[in-house]
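All remarks here apply to the structure that follows.
The values are calculated or read from the model by the stated rules, or taken from the named source; none is laboratory data. Bear in mind that the values here come from a model prediction, so they are computed numbers and not experimental data. Don't worry about glycine lacking a Cβ; one is built from the backbone with ideal geometry, like all the others, and counts go over all protein chains shown.
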Amino acid sequence: MSIAVLRLKPQEERRLRAGHAWVYSNEIDIAQTPLKPIAPGTLVRLEDARGRPLGTAYVNPHALLCARLLTGQPDAVIDADWFVRRLRAAANLRDRIYSQPFYRLVYGEADGVPGLVIDRYGEVFVVQVGTAGMENLKAPLLDAIAQVFAPRGVVLRNDSPSREAEGLALYVEEIGEVPEVVVIEEHGIAFEIAMRGGQKTGWFFDQRDNRDRLARYAKGARVLDVFSYVGAWALRAMGFGAAEATCIDSSAIALEAAARNAARNGIQLETIKAQAQDALRQLATEGRRFELVIVDPPALIKRKKDHEEGLGLYGRLNRAALNLLAPGGILVSCSCSHHLEAAELQRVLLRESRAAGRRLSILEQGGQGPDHPVHPAIPETRYLKAFFCATAADGGSERASA
């Protein structure tokens, strides 16, 4: 069956030939191949200005990022068998890395399936479809998941606001038997994950390797976990020998889950329901101090136009965290905003540590785990930053003298 053709303007294919997978609407030669009449989600044969094939893509004419390349084969059949091959490759990679089937199974373009995220919780899969093209391919995708994994249950968590930019409705759908919670384990600590009401796809697998790094810093420490969600950082720190842990989150539901996770592991946990800045100010007023503070907020810079405002938020959070650190304490400062470069976060840490009069040194830097692989041609797939920083044990001021 023939499919529509979409042709690029001269020279606009260079990025694709270098390995990228995205096409913007201003790169299309709309005189030869009009874009607007194409229905959102339609598969097209992508060509350069001379008519040479570039591959098979899906299209959304209403989005600035109007086409995403699925394969370099121009006559590819995108069916259940195609998804089976992609899913098996992704699963084989993860199973080489992880001893248990708890991981991000598919991470969009980096796994050759743009617009798709799948998290695996053993026999339960949480699927997030983010584009019109992938929404149109939902039937063969679900068929492939059934063929490869024979899952107990699948949750389609298609309620992300990012779908609205693609003109897609928000919904949650369940297939098969989906339990209220599943239990996963990280380094001997068990966590229950809500399959319906949790944030995003339920769990932040991307920070697993960074949580492992707490083994170096947690022993004997008083720990403060800011934006704690269900207590992952705090409980992992306690598992590594921390003396006590406090979680701050604005969600009562998240903190109730954190308390249940603590009880499941026989751990005592303090929880504070409040906005982060309010709680940090109150703890400072009370004279509380911590040897280990983790600041892991949601993305504070969701769009480029939010950059300056977001930088200010990162700055205020990190300064407040620094003010709560005991001399010699460790700050773990994270950002999942792909619009914030690692070098910018480092400058924020420098500025705020000097403003707080604290001498700071960066011990190590982490990123997302290997189940969130980075596409070498798409820097946007590298988004997570985690700086592990030490403050001076002598408590001396670092403000420059006049």
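Go through Val117, Val106 for me and flag whichever is touching a strand residue (DSSP E or B) at 6+ places or on another chain (Cβ under 9 Å), closer than 21 Å to Ile184 by Cβ, without any contact (Cβ under 8 Å) to a residue 40 or more places away in the chain and part of a strand (DSSP E or B).
Details: Val117 fails: without any contact (Cβ under 8 Å) to a residue 40 or more places away in the chain.
Being touching a strand residue (DSSP E or B) at 6+ places or on another chain (Cβ under 9 Å), closer than 21 Å to Ile184 by Cβ, without any contact (Cβ under 8 Å) to a residue 40 or more places away in the chain and part of a strand (DSSP E or B) holds for just one of Val117, Val106, which is Val106.
Here Arg351 does not qualify as assigned by TED's automatic domain parsing to the domain that holds Leu214, closer than 19 Å to Tyr217 by Cβ and either touching a helix residue (DSSP H, G or I) at 6+ places or on another chain (Cβ under 7 Å) or not polar (S, T, N, Q) (or both). How many residues does region 333-368 contain that are under 22 Å from Tyr383 (Cα atoms), assigned to a loop (DSSP other than H, G, I, E, B) and out of contact with any Leu (no Cβ under 8 Å at 6 or more places or on another chain)? Going through region 333-368 one residue at a time, the tally reaches 3. Restricted to region 249-325, the set of helices (runs of 4 or more DSSP H) holding at least 1 residues that are in contact (Cβ under 8 Å) with a residue 60 or more places away in the chain comprises 252-264, 307-323. In region 342-354 there is at least one residue that is modelled with pLDDT of 95 or more, over 28 Å from Ala245 (Cβ atoms) and under 20 Å from the mean Cα position of the chain (by Cα).
Looking only at strands (runs of 3 or more DSSP E) that lie completely in region 1-90, which have at least 1 residues being at negative phi and basic (Lys, Arg)? I'd like the intermediate steps shown before the answer.
On the way: elements: 4-7, 22-24, 42-47, 53-59, 65-71.
Here the list reads 4-7, 42-47, 65-71.
Would you check if there is a residue in region 59-77 being surrounded by fewer than 20 Cβ atoms within 10 Å (Cβ to Cβ) and under 13 Å from Glu12 (Cα atoms)? There is no residue in region 59-77 that is surrounded by fewer than 20 Cβ atoms within 10 Å (Cβ to Cβ) and under 13 Å from Glu12 (Cα atoms).
Within the bounds of region 184-198, is there any residue that is of a type in the set (Asp, Glu), in contact with a helix residue (DSSP H, G or I) (Cβ under 8 Å, 6 or more places away or on another chain) and buried (at least 21 other Cβ atoms within 10 Å of the Cβ)? I'd like the intermediate steps shown before the answer.
If we filter region 184-198 for residues that are of a type in the set (Asp, Glu), which is where we start, we get 185-186, 192.
After this cut, where a residue has to be in contact with a helix residue (DSSP H, G or I) (Cβ under 8 Å, 6 or more places away or on another chain) as well, the list is 186, 192.
Retained after the next criterion (residues that are buried (at least 21 other Cβ atoms within 10 Å of the Cβ)): none.
Among the residues of region 184-198, not one is of a type in the set (Asp, Glu), in contact with a helix residue (DSSP H, G or I) (Cβ under 8 Å, 6 or more places away or on another chain) and buried (at least 21 other Cβ atoms within 10 Å of the Cβ), which makes the answer no.
Within region 342-367, restricting attention to residues that are touching a strand residue (DSSP E or B) at 6+ places or on another chain (Cβ under 6 Å) and under 23 Å from Phe205 (Cα atoms), which residue is surrounded by the most Cβ atoms within 10 Å (Cβ to Cβ)? Among residues in region 342-367 that are touching a strand residue (DSSP E or B) at 6+ places or on another chain (Cβ under 6 Å) and under 23 Å from Phe205 (Cα atoms), the one surrounded by the most Cβ atoms within 10 Å (Cβ to Cβ) is Leu345.
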